[in-house]
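The values are calculated or read from the model by the stated rules, or taken from the named source; none is laboratory data. These numbers were taken from a predicted model, which means no experiment stands behind them. Reconstructed Cβ throughout: ideal geometry from the backbone, glycine too, with neighbour counts over all protein chains shown. SASA here: full protein model, heavy atoms, side chains in, ligands and nucleic acids out. Shrake-Rupley method; radii C 1.70, N 1.55, O 1.52, S 1.80 Å.
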Amino acid sequence: IPVDTFDLVLFGATGDLARRKILPSLYRRFVAGQMPEDARVIGAARSEMDDAAFRKLVAEALEEFVSKAKRDKDTIKAFLAQCSYIPIDAMGDGGWKELKASVRDDVVKAFYFSVAPSIFGPLAEKLRSFGIACENSRLVVEKPFGVDLETARKLNTDLAASFDETQIYRIDHFLGKETVQNLMAVRFANVLFEPLWNERYIDHVQITVAETVGVGGRGSYYDKSGAMRDMVQNHLMQLLCLTAMEPPSQFEPDRLRDEKLKVIRALDPVSPKDVVRGQYKAGENPSYVKDAENPDSRTESFIAMKIGISNWRWKHTPFYLRTGKRMTKRMSEIVIQFKETPHSIFERDEGSTANSLTIRLQPDEGIDLSVTIKEPGPGGMRLVNVPLDMSFADALGPDGQEIPDAYERLIMDVIRGNQTLFMRGDEVEAAWAWTDPIIGGWVERGDKPQAYAQGSSGPEEALMLMHRDGRRWRDLE
Ligand code: BG6
């Protein structure tokens, strides 16, 4: 179903994210028939360029980042006809009058800031002072949304000077991932899980986002962030919140975000003994410090932590989080590990018979519930743990309908005016308020990350974080 027609002004249109994600996602929605024929994508950036040069850049991005099956010449040509470009000087006055003349007032106007956060404020101010933004405009901003509580507050204040909170869409692209939304469907559209979703039945939750890539190419950004700011404060925090939150009364933006906020506010401060930081050594690829071009770097490319939530639902159920670069496998999942049965009437073999629910974000998105059954055959009452596996690719049918990229969903939500999958200002601030003392502690203590081998599961100490509690991480193999 096509969305209402729109003018989307993409600031930072020549940048990496625009090329890799935003423009290809718009194109895929165009192919799917969701982008109206008179919708327009207006690229804006500092480079002097005309429409033809911008279209060439877009075409190259599509060639590189869209699968061949979706790229036919005529479709690309039709999409490019809807793209244009205006050179804009974010800090000066160049290009703003042209932009004002070019956007339409009677359609949805979305301004997408795919730029450094330092120019969020100036751009928002220009949009207002040149009379380009209006009450119906929407503003999309990308992470990093600040580097700590103070900078996040400043960004919120700067944006609030020109836009109302109901117009601001802070992207956390993990919220657009199909399985993440499915986590909510599984929890709140089935009667099966909710009665068990608490400390009485859940032993612990583990959330892993493991990547095989390093930080080469973006070392200067990453070295100032580390895994904590780059991944935990936003993506992993969102996964934790959706897993831990109370059922919202409606699937409605503020009801959902209120519940997530309550979780962040209930997080315990994290003690240093519950955090393991790592940094990848040289291996098949250069070391972290080489990638970051900082031989003395103490930034973590891996982090594992144990987090407590002080509320009735979760008081004695720890959440273990880990994420890292250059690990053995690209794999993201949330595992809800249920407790053992209170009493077993069967003779137990080695190993656990406890149920677990795994929400796989990637690869092979899906959900699987492990249940214990009798091993088939005449060998007596032998128990075996088997997965009731629902892979989305299989469930969606033999044609293997492609699961849309998170950005496709999120950009269309902006046009529809649906903020449900976007972070509210107070949520981001609360996440920083929890993160800041942890990072502050490292700086104070001169904390050094542990070295780990490329292609591993991170430092040994991360395994110990769970072993000492009599638990273990899921294998990454
Ligand atoms: C980004 C981080 O927000 O998310 C990157 O800055 C990370 O460091 C990326 O690689 C992971 O996203 P995805 O969608 O590839 O899992």
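Need one number: nm distance between label points at ASP364 and MET464, each 7 Å from Cα along Cα→Cβ, rounded to one decimal.
My value for the distance between the label points is 3.3 nm.
Set the Förster radius R0 to 22 Å, insert the Cβ-Cβ distance between ALA69 and ILE1 as r into 1/(1 + (r/R0)^6), and round the FRET efficiency to 0.05.
For ALA69 and ILE1, the calculated efficiency is 0.50.
If you bin every alpha carbon distance in the chain into 10 Å steps from zero, what whole percent lands in each bin?
Reading upward from the zero bin: 4, 18, 28, 26, 16, 6, 2, 0, 0.
Using Cα pairs closer than 8 Å and at least 6 residues apart in sequence, work out the relative contact order for the chain, in percent.
Reported relative contact order: 17 percent.
What are the extents of the Cα atoms of the range 274-388 along their three principal axes, listed from largest to smallest and rounded to whole Å?
On the principal axes, the range 274-388 reaches 61, 38, 26 Å in Cα extent.
Tilt of helix 149-160 relative to the longest C-alpha principal axis of the chain, in degrees (0 to 90, nearest 10)?
40
Computed FRET efficiency, Cβ-Cβ of ASN294 and GLU98, R0 41 Å: what is it to the nearest 0.05?
With R0 = 41 Å, the Cβ-Cβ based efficiency is 0.50.
Excluding PRO247 itself, calculate the net charge of residues whose Cβ lies under 9 Å from the Cβ of PRO247, where each Lys or Arg counts +1 and each Asp or Glu counts -1.
Residues close to PRO247 contribute a combined charge of -2.
Mind checking the full-extension length gain between ALA32 and ALA160? Use 0.36 nm per residue of separation minus the Cα-Cα distance, one decimal, nm.
So the extension gain works out to 42.6 nm.
Given H placed on each backbone N at 1.01 Å, which residues far from MET423 in sequence or on other chains put an amide H within less than 5 Å of it?
Under 5 Å from the amide H of MET423 lie the amide H atoms of ARG170, ASP172, each far enough along the sequence or on another chain.
Please give the helix 120-129 orientation as an angle from the longest Cα principal axis of the chain, in degrees from 0 to 90, rounded to the nearest 10.
40
Quick one: 3J(HN,Hα) in Hz for the range 231-240, Karplus 6.51/-1.76/1.60 with θ = phi - 60°, rounded, Gly and Pro as x.
10, 6, 4, 10, 4, 5, 4, 5, 5, 4
For the range 60-70, what does the Karplus curve 6.51 cos²θ - 1.76 cosθ + 1.60, with θ = phi - 60°, yield as ³J(HN,Hα) per residue in whole Hz, taken in order and with x for Gly and Pro?
My calculation for the range 60-70 gives 5, 5, 5, 4, 7, 10, 10, 4, 4, 4, 9 Hz in order.
Students often forget the sequence filter, so: which lysines lie under 17 Å Cα-Cα from LYS68 once same-chain residues fewer than 8 apart are removed?
LYS21, LYS77
Please report how far the C-alpha centroid of the range 66-109 lies from that of the range 166-242, rounded to the nearest whole angstrom.
The range 66-109 and the range 166-242 have Cα centres separated by 32 Å.
Any idea of the accessible area per residue across the range 61-162, 1.4 Å probe, to the nearest Å²?
In whole numbers, the range 61-162 has 49 Å² accessible per residue.
Per residue, how much accessible area does the range 253-341 have with a 1.4 Å probe, in Å²?
Accessible area per residue: 43 Å².
Can you tell me the equivalent ellipsoid semi-axes for the range 234-326? Use √(5λ) from the Cα gyration tensor, largest first, whole Å.
In descending order the semi-axes read 34, 16, 10 Å.
Obtain the nm distance between the two label points defined at GLU125 and HIS316 by a simple spin-label model: each point lies 7 Å from its Cα along the Cα-to-C-beta direction.
If labels sit at GLU125 and HIS316, their model points lie 5.5 nm apart.
Taking H placed 1.01 Å from N in the peptide plane, check which residues at least 5 places from ALA451 or on another chain put their amide H under 5 Å from its amide H.
When sequence neighbours closer than 5 places are left aside, the close amide H contacts are GLN279.
Output wanted: per-residue J couplings in Hz (rounded whole) for the range 203-214, from phi through Karplus 6.51 cos²θ - 1.76 cosθ + 1.60, θ = phi - 60°, x for Gly and Pro.
6, 6, 10, 10, 10, 10, 10, 9, 10, 9, 6, x
Radius of gyration and Dmax for the range 356-477's Cα atoms, expressed in Å?
In Å, with Rg to one decimal and Dmax whole: 21.6, 63.
Based on Cβ point charges of +1 for Lys and Arg and -1 for Asp and Glu, what charge dipole magnitude is obtained for the range 227-344 about its Cα centre, in debye rounded to the nearest 20?
Rounded to the nearest 20 debye, it is 240 debye.
Which cross-chain or sequence-distant (5 or more) residues have an amide H under 5 Å from the amide H of TYR85, H modelled 1.01 Å from N in plane?
Excluding prolines and chain starts, which carry no amide H, the hits are GLY43, ASP51.
Could you work out [θ]222 nm for the chain from helices alone, using -39500 (n - 2.57) per DSSP H run of at least four and dividing by all its residues? Round to the nearest 500 deg cm²/dmol.
Rounded to the nearest 500, it is -9500 deg cm²/dmol.
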